[in-house]
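Notes follow once the structure below has been shown.
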Amino acid sequence: MSTKNLTTRDIEKLYGPLTFGNLLKAHREGDELTQVEMAKKIKLSKQALNDIENGRKIPSISRAVALAKKIGILPELAVELVLQDQLDREKLKMTVKVSSGEKAA
């Protein structure tokens with residue numbers, strides 16, 4: 001199943017609350033890749049990918065941006081999700097909104 005045209009709501013129905021790990025998993029499954037194949041593609045160990053997908057690890061912001069670029073996810077979305085994951089883990093009732101800071105032409 002391709003995730004290319006899925007909305008956030010669609011992803012949440014399939015994978016639960018939208019996290020960086022769930023987005024990564026949705027993208028991987030949409031591309032019909034195993035964890036081993038995806039791990040090789042993005043240059044992570046299978047265990048590191050598994051830990052991220054299952055919420056045991058949250059990547060650093062710079063690593064999330066690098067992973068996003070490798071698989072075609074907007075870097076701003078990756079940053080937003082990683083920061084939100086960190087806030088949620090700390091049980092802080094805050095919401096993150098990220099923009100690129102670049103002005104539209």
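The values are calculated or read from the model by the stated rules, or taken from the named source; none is laboratory data. Nothing here was measured: the structure is a model prediction, and the numbers come from that model. Glycine also receives a Cβ, built like all others from the backbone with ideal geometry; neighbour counts cover every protein chain displayed.
Scanning the stretch 55-105 for residues that are modelled with pLDDT of 95 or more and hydroxyl-bearing (Ser, Thr, Tyr) yields Ser60, Ser62. Kindly indicate the residue of the stretch 16-26 that is in a helix (DSSP H, G or I) and in contact (Cβ under 8 Å) with a residue 60 or more places away in the chain and also nearest to the chain's Cα centre (by Cα) among those meeting that condition. Checking each candidate, the answer is Phe20.
Could you check, for the stretch 48-56, whether at least one of its residues is more than 13 Å from the chain's Cα centre (by Cα) and in a helix (DSSP H, G or I)? Checked the stretch 48-56: at least one residue is more than 13 Å from the chain's Cα centre (by Cα) and in a helix (DSSP H, G or I).
Annotation: Lys13 fulfils all but one of (1) without any contact (Cβ under 8 Å) to a residue 12 or more places away in the chain; (2) surrounded by 18 or more Cβ atoms within 10 Å (Cβ to Cβ); the unmet one is (2). Residue-level check: of (1) at pLDDT below 95; (2) closer than 24 Å to Glu90 by Cβ; (3) among the hydrophobic types (A, V, I, L, M, F, W, C); (4) part of a loop (DSSP other than H, G, I, E, B), Ile11 misses just (4). A count restricted to the stretch 45-83 and to residues that are buried (at least 20 other Cβ atoms within 10 Å of the Cβ) and either more than 22 Å from Thr7 (Cβ to Cβ) or in contact (Cβ under 8 Å) with a residue 24 or more places away in the chain (or both) stands at 10.
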